[in-house]
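Please read the structure below before turning to the comments.
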Amino acid sequence: MKKQPKRIGLAIVGAGRVGLIRGELAARHPQVDWIGIAEKNPERAELVAGRIGADFVTADFRELFARPEATAAVISTDEHLHMDPILAGVDRGLPMLIEKPLATDLAESARVLAAIEKSGIDAVIGYTQRFRRRWLVAKEKVRSGALGDVTMVTSRAFMNRLVAIDNYRRTDNPAGISPMVISGTHALDIVMWMMEAKTPIEVYARSVDKALGPQWKGIDGSAAVFTFSDDSIYQCVISWALPVVWPGAVYSLEVGIVGTDGVLTIDDTHRDIVLATDKQQGEGYLADASRRVDFLTSYPVGDIALGELRGPMREETHSWLNRLALGLPTQHATAREGHNRLMLTKAIDLSARLKRPVKLPITPGDEKRSA
Ligand SMILES: NC(=O)c1ccc[n+]([C@@H]2O[C@H](COP(=O)([O-])OP(=O)(O)OC[C@H]3O[C@@H](n4cnc5c(N)ncnc54)[C@H](O)[C@@H]3O)[C@@H](O)[C@H]2O)c1
């Protein structure tokens, strides 16, 4: 650990929901003495700058990166708009926290990974769930062999359709996003993080699109089976098309991990804390008048209590700032892991489209294949 913590000048590109949360947390960190934001929507830029007391505001991330005060960057633009700011951050040599997924296009993801690795900068991906105690405990038990050799894993993620609709509304290329690429990637990262000693070699998947297909040209959900080189298997299921009244604010997850000598089950559905009210709640991903029952704590970034965000994104942001200031190790996903997660989710979508198993890894050329 460094005895003299480094100062941090934080450049935030994309001051949306996540940019605001990271900015508010950073503004209170003792080593952060400057915050600049680049946000292309002027009203949003003004609102966020006021909330976090930003020292510099622009619509142009290149202008932000030209500022000498900047020593690190958060890339929190929309999922499909990460590449250009990442490449500019690499050119400037800034350590970065990049929101998941690394990109939504496999060729773009490969390009940014190559640039990051060539430059040697410290870039990590915001797989926030890695900062929750329950997944850390599970990781530790798997890693230390409490289950013996892991042979079978299942994960089932259920989400109401608010996130899906918001994503389809924001993209001009609905085929480029999917429940796995945008949201399933969280559960997939947790499981693959636990299975990191093993190599996935094949995936077989199918998807359905009856709820979101007609209006949004989107996918409702997918079910996939991965096979690893040692014949262990992982069954991964997600639907982000549940009715809006489904009580999970965002994520409701169940995971089971079976080994030769043990089993670990994790109920992360959040149905242990249920609010029912006649009053509309404004919390979670998007407020919706029809949602009157809520599995509290199912908004993955955390919850506001006593005026502050409590939960995983707070923990994750503080860990990253301490990594920068003190050189402390963290369990963040690397850029290579981020690219791997996008490759695996794209392979699920490819297998579902082709309706046959797909060998792993797939390449950017494979992603576009239709036969
Ligand atoms: N880790 C988590 O739990 C978690 C939760 C939610 C979102 N995310 C991720 O965070 C990222 C942002 O999501 P969000 O919900 O904050 O989206 P958002 O739509 O609220 O915010 C994105 C912002 O980026 C701005 N923007 C886009 N391109 C820009 C550019 N080139 N320069 C400046 N500003 C630009 C947009 O105007 C918008 O304000 C996504 O990658 C998303 O997947 C992660």
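Structural remarks
- Over 25 Å between alpha carbons, listed pairs LYS210/LYS355; LYS210/LYS359; LYS141/LYS359; LYS139/LYS355; LYS139/LYS198: LYS210/LYS359; LYS141/LYS359; LYS139/LYS355
- The chain, relative contact order in percent, only Cα pairs under 8 angstrom and at least six apart counted: 19
- Whole-Å semi-axes of the stretch 272-371's equivalent ellipsoid (Cα gyration tensor): 36, 26, 9
- Relative contact order of the stretch 162-275: 21 percent, from C-alpha pairs under 8 Å at least 6 residues apart in sequence.
- C-alpha long axis of helix 83-92 to longest principal axis of the chain, angle in °: 50
- Ranked packing of 85-91, 299-305, most packed first, by mean Cβ within 10 Å: 85-91, 299-305
- Each pair of Cα atoms in the stretch 83-166 enters the Kirkwood radius, and Stokes-Einstein at 10 °C and 1.306 mPa s then converts it into a translational diffusion coefficient of 100 µm²/s.
- Here r is the Cβ-Cβ distance between ASP33 and GLU140 and R0 is 30 Å; the resulting FRET efficiency, rounded to 0.05, is 0.25.
- Kirkwood-Stokes translational diffusion coefficient of the chain, alpha-carbon pairs, 10 °C, 1.306 mPa s, µm²/s: 75
- Options THR227, TRP193, ILE35, ranked by Cα towards positive dipole end of the chain, top entry (Cβ charges): THR227
- Under the Karplus curve 6.51 cos²θ - 1.76 cosθ + 1.60, θ = phi - 60°, whole-Hz ³J(HN,Hα) for the stretch 223-236, x wherever Gly or Pro sits: 10, 9, 10, 9, 10, 9, 5, 9, 6, 6, 9, 9, 9, 10
- Radius of gyration, Dmax [the stretch 205-322; alpha carbons; angstrom]: 17.7, 52
- Bridge type composition, the chain - antiparallel percent by DSSP, nearest 5: 55
- The chain: angle of helix 17-27 to the longest principal axis, Cα-based, in degrees nearest 10: 50
- Over the stretch 58-203, volume per residue of the alpha carbon convex hull, in Å³: 158
- Of the Cα atoms belonging to the stretch 176-225, the radius of gyration and Dmax stand at 12.9, 42 Å.
- Over the chain: helical MRE at 222 nm, DSSP H runs n ≥ 4 each giving -39500 (n - 2.57), nearest 500: -10000 deg cm²/dmol
- Length gained on full extension, ASN173 to ARG292, computed as 0.36 nm times the residue gap minus the Cα-Cα distance: 39.6 nm.
- With Cα atoms defining each centre, the stretch 295-371 and the stretch 69-131 are spaced 12 Å apart in the structure.
- Exceeding the 26 Å Cα-Cα cut-off - candidates LYS118/LYS346; LYS217/LYS368; LYS40/LYS368; LYS100/LYS346: LYS40/LYS368
- Where a label projected 7 Å from the Cα of MET152 along Cα→Cβ would reach, residues of the stretch 194-210 with amide N under 20 Å: 194-196, 198-206
- Relative to the longest principal axis of the Cα atoms of the chain, the long axis of helix 133-143 lies at roughly 60 degrees.
- Span per principal axis, largest first, for the Cα atoms of the stretch 1-57 (Å): 41, 18, 16
- Binning the alpha carbon pair distances of the stretch 1-122 at 5 angstrom intervals from zero yields the distribution 2, 12, 23, 23, 20, 12, 6, 1, 0, expressed in whole percent.
- Distances between placed amide hydrogens fall under 5 Å for GLU202 paired with THR227, LEU360, all partners being 5 or more residues away or on another chain.
Coordinate-derived values only; no laboratory data. Values in this document were obtained by computation on a predicted structure and should not be read as measured data. Every residue, glycine among them, receives a Cβ derived from its backbone with ideal geometry; neighbour counts consider all protein chains shown.
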